[in-house]
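Structure first, commentary second.
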Amino acid sequence: MKIHYFKPQYTLNYNKGYIGFTYNHKNLFSKGITYFTKLDNLSGISVSHALIVIDENTCIEATIKGVKYTKLNKYFKSNKYNIFFRKPINFSNEMAESIVEKAKTFIGLKYDFSLYIAHIFKHSIIGKFIDSMTGNRVSKYLYSLTDTKEEFVCSEFVAKVLQLIPELAIIGILSEKTAGEINPQELFEDVKIFKDWKKD
């Protein structure tokens, strides 16, 4: 897929309630995530982080400092980052408001380091081998052990918010997995949750 880069313009190519996905090509943490999730990369676009747009220059995201407000300029003004926005299917002003209001209820919750480690194990060579022998039962059990209700990794936070939107919760990966099982790349790739860029 050929990628075309556009200057971020609020209401034109991103908006309140959109889901943002980033990749920091100078960060080992970011590179590690894309390495372990490379089999989920179907588009040729690598992402390692997910966030929810609140307004023109604000998002809510789960970082190692917890779920918090962040300025989007951090991603717009640095050449370290690529940022992509996805518009939820059947998007409306009402849906945008609902996504944002639900996202705000997570502010202040902690980062889930144990779940992050579970994701790394699942996507490691050993994890993939064990899952292939057990029908993914080991990784599902590991996720259930490490997934803390009051702690979130980035994609889990975004997926959990989207699962609270009734019309989104019943489609795509949101209907197939718990929020804690979903990584940024496979969320980004879901063609049922998000509107096709080519048709937008």
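Brief remarks follow.
- Single residue of the range 64-84 satisfying the filter (crowded, with 17+ Cβ neighbours inside 10 Å and of a type in the set (Phe, Trp, Tyr)) that is nearest to Asn24 (Cα to Cα): Tyr81
- Verdict on Thr134 being at pLDDT 70 or above and either of a type in the set (Lys, Arg) or surrounded by fewer than 18 Cβ atoms within 10 Å (Cβ to Cβ) (or both): no
- Subset of the range 5-14 [closer than 14 Å to Ile83 by Cβ and modelled with pLDDT of 75 or more]: Phe6, Lys7, Pro8, Gln9, Tyr10, Asn13, Tyr14
- The set of residues in the range 158-183 that are at pLDDT below 95 and surrounded by 20 or more Cβ atoms within 10 Å (Cβ to Cβ) comprises Ala179, Gly180, Glu181, Ile182, Asn183.
- Ile45 vs. criteria touching a helix residue (DSSP H, G or I) at 6+ places or on another chain (Cβ under 8 Å), aliphatic (A, V, I, L, M) and under 23 Å from Tyr10 (Cα atoms): yes
- Strands (runs of 3 or more DSSP E) wholly inside the range 10-114 that include at least 1 residues being basic (Lys, Arg) and either more than 15 Å from the chain's Cα centre (by Cα) or under 18 Å from Asn183 (Cα atoms) (or both): 66-71, 81-86
- Any hit, the range 18-34, residues being closer than 22 Å to Leu168 by Cα and either modelled with pLDDT under 95 or of a type in the set (A, V, I, L, M, F, W, C) (or both): yes
The values are calculated or read from the model by the stated rules, or taken from the named source; none is laboratory data. Note that the structure is predicted; figures quoted are calculated from it, not measured. So basically every Cβ, Gly included, is an ideal-geometry build from the backbone, and we count neighbours across all protein chains shown.
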